[in-house]
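**Q** Attaching a single structure in structure tokens format; questions to follow.
Throughout, read-outs are computed from the coordinates displayed, never taken from laboratory work. Here the structure is a predicted model, which is why all the values come from computation and not from measurement. Reconstructed Cβ throughout: ideal geometry from the backbone, glycine too, with neighbour counts over all protein chains shown.
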Amino acid sequence: MQNAGLHPPDPVGDTPAPPRPRRPDAAPGRFAPDLLAALRLYAAVARGAFRRFATYRAASLAGAFTNTVFGLILASTFLALWHARPGLGGYDEVTAVTYIWVSQGLLVTVAVMGGGFQDDVQERFRSGDIAIDLYRPVDFQGWWLATDLGRAAFHLLARGVPPMLVGSLVFRVRLPEHPLTWVYFLLATVLAVVVSFGVRFLVSLTGFWLQDSEGVRSVTLVVSMFFSGMLLPLALFPGLLGDLAPLLPWAALVKVPTDVFLERVTGPGLLGALGFQLGWAVVLLAAGRLVQLLATRKVVVQGG
Amino acid sequence: MALIELDDVRRTFTVRAKAGRLRREKREVRAVDGLTFTVEAGECVGYIGPNGAGKSTTIKMLTGILVPTAGRLRVAGVDPARERVALARRIGVVFGQRTTLWWDLPLRDSYELARRLYRIPDHRYRANLDRCVELLDLGALLDTPVRQLSLGQRMRGDLAAALLHDPRVLYLDEPTIGLDVVSKAKVRDFLREVNRDLGTTVLLTTHDLTDIEQLCDRVMVIDHGRVVHDGGLEALHAAGDSERTLVVDLAGSHPPIEVPGARVVRVEGPRQWLAFPSQESAAPVVAAVAARYPLVDLSVREPAIEDVIARMYAEVAIG
Amino acid sequence: MADQAVVTRAPLPAVTRESPAARVAWAVRSWWLAAAMWTRAIMSYRASFVMMLCANVVVTFLDFVVVILMFRHTDTLGGWTLPELGFLYGTSALALGLANLFVGSVDALGERIRTGTLDIMLVRPAPALAQLCAERFSLRRLGRPAQAAAVLLWSLTALDVHWTWDRVLLLPVLVVCGTLIFAAVFIGFASLQFWWGEAKEIQNSFTYGGATVLQYPPTVFAKELVAGTVFGIPLAFVNWLPALRILDRPDPLGLPTAFQYASPLAAALALAVAGLAWRAGLRAYRGAGG
């Protein structure tokens, strides 16, 4: 190339600039249109996530199979326990088994074991793109929350319904007596997803400080499985543990939705349960926002 | 001595495509369709073709990753499909877009692992490492974790890793992809020395014609799983020697400009495309534009490999 | 130029076939070399590693706490006591944990195929399976077997085992064979990913799901399921059958006593099947044979 020196970096290069996400209109003083535009954007993001997960049909099928197998295993152990102690924790054999199947349906929907957007974020950490993400015009936390809600909607259908169906065919289960309970259950599930997102968001952001954030994930997995009531209803926890566990955010993941489904909470109790979820959702999202701010500052100082 | 021998090598893939609601149709796709050629020891061969032509399928068969559906294949005296591990000790492979180095560890650690994995005798290891370090300018990088290396540095590191065990054949898949001009030059210089001084046989796929021009004395063009051209670079030159393009950005919109030795082929607002003969220097054309028009920015485009291949086809069809 | 170079080179040596023993030794050594590299890579983030290992050990105890909590409400589960369940839990989790430590990474086969990492492994002079099993090896996975071993030790002190020589011998055999059986399940089901990328989820049902089943007495489950773990996927040989002998309990299926000693045979069979599945999968991937 005899003319190599003539043109340093290619100014009219062949590679197009990477597409940038559309900036939601952010002019001050136009609050309502802003909010509408932002909501529309997040709705589109959520729809996109739903569709993305919907393409993995075979994976969903295999996953639903796993949920069903675990449901069968745990239902057997629960039946043995309630056989020895009927009425334990306010559950009879039928409600205890129902508890298993509802919680298996929630396991992936609510991402009790972690995952969902966390896998994407982890990949962005690995590639180093995460530093860029913080500067995108779209809000970092809002973006991931929207994708996670879209994912959860799909998983509720693909990973939640099949184990419930199989469970109700193989075992005797208790379905809600009041039709409205289904609506409350759906609401509790949405709130559970948001609380779960709040926790997972904090876990993922540790990646800015710890290289091995996969380790943090594996630790939170066990804690989350235990304190959500996924392995054993919190009502069976004794003493101090029994007093403490229902107050922790993980109780919002499985305990509250199953309580709603089994109509263990009604009337003012129902409001309290949903309020408990909402409270944790707000606290965790605020904490996530704060940590995101610290992360952004750290990236500025250290350049990523 | 032929180091690579292919005799009527074929490879088909069965593709299942949806046909209707539940029915699935099996379809045979011939990725490689009767390849016959040999590569002698010490040759440097460019292996080019459009995407999906069967290049990577060939490379995968030559490295023992894929087993041919039919035909006979030998590399460095070994049947790749049957003696994969023995073959691996005799070949070096560099994938331009995937590193084989250990991301979180210093470069040196990857080489130490290669020493053990390839069972390289100590004196060979030391001699090869020293030579690579010198030629590829790796001295300052040996103790740097690979994740901190630039793309060009990493490619140089990968090249060294592929050569420590004295391979007879070196396969390079897009070795200069994404590199800047200086790194490309370094990589090419190194490959030339490896080929000339060590007699290592090199087989190279690339989209960058300059790689071929500067390194290879033989070029094979493959399309639809068949060799459509095999020979010297003359055909390549004849096809490639046509025209290059000078892209200029002027201060404002202009009617097509007039420059001796070049003609405008396209105008788009302030940007104009000028074609000029490949063998001519761009400098007088640039100077002429700059003298007469308000030149803001410019670049020169080499003919794309796809264009060249297309021209070669045209010649094959005519001849 | 080329002629010149050829002169300086030794002629190509003939390929010599190595003995099966030498090949196994080489596979183990390849695994070791790769695992050591991953360990060093992780050790470059030492602080976070040590913290995570500790947290992991502590936190995995919560898993056993669930069993303890169940026993706050009952004295027996399916007729078995807490120390007996501790024995089942410890042996099952130890075997799974060790298998996961050594070969667990094989379950990411589908991803390795998608990203092209498997191709890179195939151009190295080492068995692809060994490299795959060592990929992303982390000593952090020691957390679970460590916790399981602690539970097992506790159960042994709490149990009143009538130790005879065969029972003493059966214990280490159980741990080794259990690990091998779970390793075979990992490899065998991972091989399915050569044909079906989503088989990983199914595999979870048999590895983690299987380990969960084995943590509870066989009396808790339907007889069909227990029979499936004896004659289907031989998980019952991991700990249920030998435990019946060690803890002197009746077999709910009423099988001959020989089954309780048959774990080595089951492990060998399982490994053979897994090995065949792997070879068939790799052949399908490379496109060899029918």
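**Q** Based on the Cβ-Cβ distance from B:A140 to A:K298, what FRET efficiency comes out when R0 is 35 Å, to the nearest 0.05?
**A** Given R0 = 35 Å and the Cβ-Cβ separation, E is 0.75.
**Q** With all distinct Cα pairs included, what does the Kirkwood hydrodynamic radius of the protein assembly as shown come out to in Å, to one decimal, could you say?
**A** In the protein assembly as shown this quantity evaluates to 31.7 Å.
**Q** Please label the shape of the range C:221-264 as rounded, prolate or oblate, based on the square roots a ≥ b ≥ c of the eigenvalues of the alpha-carbon gyration tensor (a/c under 1.5 means rounded; beyond that, a/b larger than b/c means prolate, else oblate).
**A** Cα axes put the range C:221-264 in the oblate bin.
**Q** Can you figure out the FRET efficiency of B:R124 with C:V28, using R₀ = 25 Å and their beta-carbon distance, to the nearest 0.05?
**A** Details: r = 25 Å, r/R0 = 1.00.
Computed FRET efficiency for B:R124 and C:V28: 0.50.
**Q** Want the number for A:D92 to A:D129: 0.36 nm per residue separation, take away the alpha-carbon distance, what's left?
**A** Roughly 8.2 nm would be gained on extension.
**Q** Can you work out the PRE-style zone for B:R30? Point 7 Å along Cα to Cβ, and I want the residues of the range B:69-91 with backbone N under 14 Å.
**A** B:69-71
**Q** Oh, and also: Of C:A128, C:A274, C:A21, which has the largest mean-square fluctuation in a 10 Å C-alpha GNM of chain C?
**A** Of C:A128, C:A274, C:A21, the most mobile in the Gaussian network model is C:A21.
**Q** What is the distance, in nm, between label points placed 7 Å from the Cα along the Cα-to-Cβ direction at C:R136 and at A:V282?
**A** It works out to 3.9 nm between the two label points.
**Q** Find how much the distance from B:R108 to B:H207 grows on full extension, using 0.36 nm per residue of separation minus their present alpha carbon separation; answer in nm with one decimal.
**A** Result: 32.6 nm gained on full extension.
**Q** Choose one answer from C:V230, C:V24, C:V213: the residue with the largest mean-square fluctuation in a GNM of chain C with alpha-carbon springs under 10 Å.
**A** C:V24
**Q** In what sequence do A:H83, B:H165, A:H155 fall when counting other Cβ within 10 Å, fewest first?
**A** Placing the least packed residue first, the sequence is A:H83, B:H165, A:H155.
**Q** Taking the Cα atoms of the range B:1-146, report the difference between the largest and smallest coordinate on each principal axis, in whole Å and largest first.
**A** Its Cα atoms span 59, 42, 27 Å along the three principal axes.
**Q** Give B:K26/C:K200; A:K255/C:K223; B:K26/B:K55; B:K60/B:K184; B:K55/B:K184 a once-over and call out the pairs whose C-alpha atoms are over 27 Å from each other.
**A** In this structure, A:K255/C:K223 exceed 27 Å between Cα atoms.
**Q** Quantify how much of the Cα-Cα distance distribution of the range B:156-238 extends past 15 Å, in percent. Please list the in-between numbers first.
**A** On the way: 2029 of 3403 pairs.
Tail fraction, whole percent: 60.
**Q** Also: Under a Cβ-only charge scheme (Lys and Arg +1, Asp and Glu -1), can you give me the dipole magnitude of the range B:2-239 about the Cα centre, in debye to the nearest 20?
**A** So the dipole magnitude of the range B:2-239 works out to roughly 1420 debye.
**Q** Given R₀ = 41 Å, what would the calculated FRET efficiency be for A:H178 paired with C:Y208, taking r from the Cβ atoms and rounding to 0.05?
**A** The computed FRET efficiency comes out at 0.65.
**Q** Could you calculate, for the range C:8-76, the ratio of the Cα radius of gyration to the Kirkwood radius, expressed as Rg to Rh?
**A** Details: Rg = 24.0 Å, Rh = 17.4 Å.
Result for the range C:8-76 is an Rg/Rh of 1.38.
**Q** Give the shape of the range B:30-75 as rounded, prolate or oblate, defined through the alpha-carbon gyration tensor: a ≥ b ≥ c are the square roots of its eigenvalues, a/c under 1.5 means rounded, and otherwise the shape is prolate if a/b is larger than b/c and oblate if not. Let's see the in-between values first.
**A** Working: a/c = 1.69, a/b = 1.15, b/c = 1.47.
Taking the square roots of the gyration eigenvalues as a ≥ b ≥ c, the range B:30-75 is oblate.
**Q** How do the peptides A:158-165, A:191-198, B:34-41 rank, highest first, by the average count of neighbouring beta carbon atoms within 10 Å per residue?
**A** Result, highest mean Cβ count within 10 Å first: A:191-198, A:158-165, B:34-41.
**Q** Can you find, among B:P260, A:A287, A:S76, the residue sitting farthest towards the positive end of the charge dipole of the protein assembly as shown, where Lys and Arg contribute +1 and Asp and Glu -1 at Cβ?
**A** Of the options given, the answer is A:S76.
**Q** Where does the Debye-calculated log10 I(q)/I(0) of chain B sit at q = 0.06, 0.07, 0.16 Å⁻¹, using only Cα point scatterers of equal weight, no solvent?
**A** These q points yield log10 I(q)/I(0) values of -0.27, -0.36, -1.27.
**Q** Can you tell me how the range A:152-288 classifies by the Cα gyration tensor, rounded, prolate or oblate, using a/c under 1.5 as the rounded cut?
**A** Note, shape of the range A:152-288 comes out prolate.
**Q** What fraction, in whole percent, of alpha-carbon pairs in the range C:109-194 exceed 19 Å separation? Kindly include the intermediate steps, with their values, before the conclusion.
**A** Working: 2128 of 3655 pairs.
Tail of the P(r) past 19 Å holds 58 percent of the pairs.
**Q** Please report, largest first and rounded to whole Å, the three semi-axes of the ellipsoid equivalent to chain A, where each semi-axis is the square root of five times an eigenvalue of the C-alpha gyration tensor.
**A** Equivalent ellipsoid of chain A: 42, 21, 19 Å, largest first.
**Q** Can you tell me the Rg and Dmax of chain C, counting just the alpha carbons, in angstroms?
**A** Both quantities, over Cα of chain C: 22.0, 85 Å.
**Q** Would you kindly state how much longer the chain becomes between B:S281 and B:A251 on full extension, computed as 0.36 nm times their sequence separation minus their alpha carbon distance, in nm to one decimal?
**A** 8.4 nm
**Q** Let me ask something else. Please compute the modelled spin-label separation between A:A37 and B:A185, points set 7 Å along Cα→Cβ, answer in nm with one decimal.
**A** For the pair B:A185/A:A37, the computed spacing is 4.8 nm.
**Q** Please give, to one decimal in nm, the separation of the simple spin-label points placed at B:H224 and A:H83, each 7 Å out from Cα toward the Cβ.
**A** 6.9 nm
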